[in-house]
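Colleague: My questions all concern the structure below.
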Amino acid sequence: MIGACPRPHRLTAVETLLNGHIIDDGLIRQAAATAAEEVDPPDDLHGDAAYRRGLVATLIARGLRAAAQNGGV
């Protein structure tokens, strides 16, 4: 994950969760929630930490849905 925290952050808990599983809506929701819990974003004038965690969850879910639709997962 880049952009949500001061430096790039590898979402290892999300990787572990997804590894070896077929992507479905339930797994996408779980991965998005796990990603939001795994990051520790700062508050700044562009958004507070809660906003950034929500954004991380949204972007992870969108990315996984797109990958699943395109046969990439």
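The values are calculated or read from the model by the stated rules, or taken from the named source; none is laboratory data. Quick caveat: nothing in here was measured; it's all calculated off a predicted structure. When we count neighbours, we look across all protein chains shown, and the Cβ atoms used for this are built from the backbone with ideal geometry, even at glycine. We work out accessible area using only protein heavy atoms, side chains counted, and drop any ligands, DNA or RNA first. Shrake-Rupley method; radii C 1.70, N 1.55, O 1.52, S 1.80 Å.
Colleague: Would you work out which of Ala33, Cys5, Thr58 lies farthest towards the positive end of the dipole of the chain, given +1 charges on the beta-carbon of Lys and Arg and -1 on that of Asp and Glu, about the Cα centre?
Modeller: Positive-most Cα among the choices belongs to Thr58.
Colleague: Now for a separate question. May I ask you to order 30-39, 58-67, 7-16 by the average number of other C-beta atoms within 10 Å around their residues, highest value first?
Modeller: Most protected by this proxy first, the peptides run 30-39, 58-67, 7-16.
Colleague: Counting heavy atoms of the protein chains only and a 1.4 Å probe, report the per residue accessible area for the chain as a whole number of Å².
Modeller: Here the per-residue accessible area is 67 Å².
Colleague: Compute the helix-to-body angle for 49-69: its Cα long axis versus the longest principal axis of the chain, expressed 0 to 90° and rounded to tens.
Modeller: That works out to roughly 20 degrees.
Colleague: Let me ask something else. At a 1.4 Å probe, what is the % contribution of carbon and sulfur to the accessible area of the chain? Numbers along the way, then the final one.
Modeller: On the way: 2620 of 4910 Å².
Carbon plus sulfur share of accessible area: 53 percent.
Colleague: Can you give the Rg/Rh ratio of the chain, where Rg is from the C-alpha atoms and Rh is the Kirkwood radius? Intermediate values should be presented prior to the final figure.
Modeller: Working: Rg = 12.5 Å, Rh = 12.6 Å.
Rounded to two decimals, Rg over Rh is 0.99.
Colleague: Okay, next question. So what is the relative contact order for the chain, in percent, with contacts set as C-alpha pairs under 8 Å and at least six apart? If you can, show how the numbers build up before the last one.
Modeller: On the way: 68 pairs, mean separation 24.5, N = 73.
Worked out over the chain, it gives 34 percent.
Colleague: Considering amide H positions built from the backbone, and no H for Pro or chain starts, which residues 5 or more places from Gly47, or on another chain, come under 5 Å of its amide H?
Modeller: none
Colleague: Another question, if that's okay. Can you tell me the dipole magnitude for the chain around its Cα centre, using point charges on the Cβ only (Lys, Arg +1; Asp, Glu -1), in Debye to the nearest 20?
Modeller: 220
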